[in-house]
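No lab work stands behind these numbers, since they all come straight from the coordinates. This structure is a prediction, so every number in the text was calculated from the model and none was measured. Here the Cβ positions follow ideal geometry from the backbone for every residue, glycine too, while neighbour counts run over all protein chains shown.
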Amino acid sequence: MFKKYCTLKIDISYNFTMNKEISSLDIEKIVGDAQLTDIEMSVLRFLIAHIDSALEMGVREIAKENYTSTSTVMRLSKKLGYNGFIDMYYKLLAHNNSTEDMNNSSRTFVEQFEDPIEVKYDQYSAIKVAAKEIADAKNLVFIYGTGFMGMMAEYLAKKLLVIGVKAIYSNGADSIGIFENNLEDISVLILFSRSGRSNHVINRATTAKENGIYTISFLNDKDSPLADESDCLIKVHDDNIFDDRNQKPTLFFSKVIGMIELLIYEYYRLKTGED
């Protein structure tokens, strides 16, 4: 279905380098909206700096090195959304390995444009489910996103409006009242969040679930709280998961646009009865 129509060959070498230091892992990205105390933040920095030996050290030794109690370490893991110390360790280790992969890869950003458009089976299946929910919606489709993903949300909202789907678009600058005061008239909620960890987005997903509203989420392909609150997940591969400030080149948002266009295609197919 999806073919490679052209090959882009440009004689450019474009590489990013990241120092293997504590700063190489964006602390803010890991912490998210969690409210950490100074000692909890200190423990987190210690874990990242000693990720290679943290598991062998264990909770007691880590607590001792930071002049605190084991309960502080365990409380840190819970605040960050992990199931415990072991879960936290392996997630931090995965973050660290991802950063090293970016450092060691000889593949340049420009070379990624040579790839064919790829849509995995689970992505396409989710797109088809989402299209059917939108096509069957009796009332409003509410679309919400924040930051750069807010632009993706607005793009989908306008695409739906021009084809006659009744939709409301809202972003992080709007009052939550726009959402809460229209709950009875919302059939489908569509959320956009790159990390799936924004409290603004998760709170709306939770409210939707409590009110029986079907929720579709566009997000990256990592585990996240939003994934647990959604009925339909449209996951997009994120080639730069630590760039939460969107400062580096990425193909993530172009892939999101591609998923949106595929969603519109499937919507049209359902409405016209095409195979």
Tyr214 long-range amide H proximity, modeled H, under 5 Å:
Leu189
Once phi for every residue in segment 202-213 is put through the Karplus expression 6.51 cos²θ - 1.76 cosθ + 1.60 (θ = phi - 60°), the whole-Hz ³J(HN,Hα) values, with Gly and Pro written as x, are 4, 4, 5, 5, 5, 5, 4, 4, 5, 10, x, 9
Gyration tensor over alpha-carbon atoms, segment 118-275, equivalent ellipsoid semi-axes in Å:
22, 20, 14
Tell me, Val201, Val59, Val162 in order of fewest to most beta-carbon neighbours within 10 Å?
Val162, Val59, Val201
Segment 246-252 - phi-based ³J(HN,Hα) in whole Hz, Karplus 6.51/-1.76/1.60, Gly and Pro as x
6, 9, 9, x, 8, 9, 4
Phi-based couplings in Hz for segment 74-88 (Karplus 6.51, -1.76, 1.60; Gly and Pro marked x)
5, 5, 4, 4, 5, 4, 7, x, 9, 7, x, 4, 4, 4, 4
Long-range HN-HN contacts of Leu251 with modeled amide H, under 5 Å
Asp239
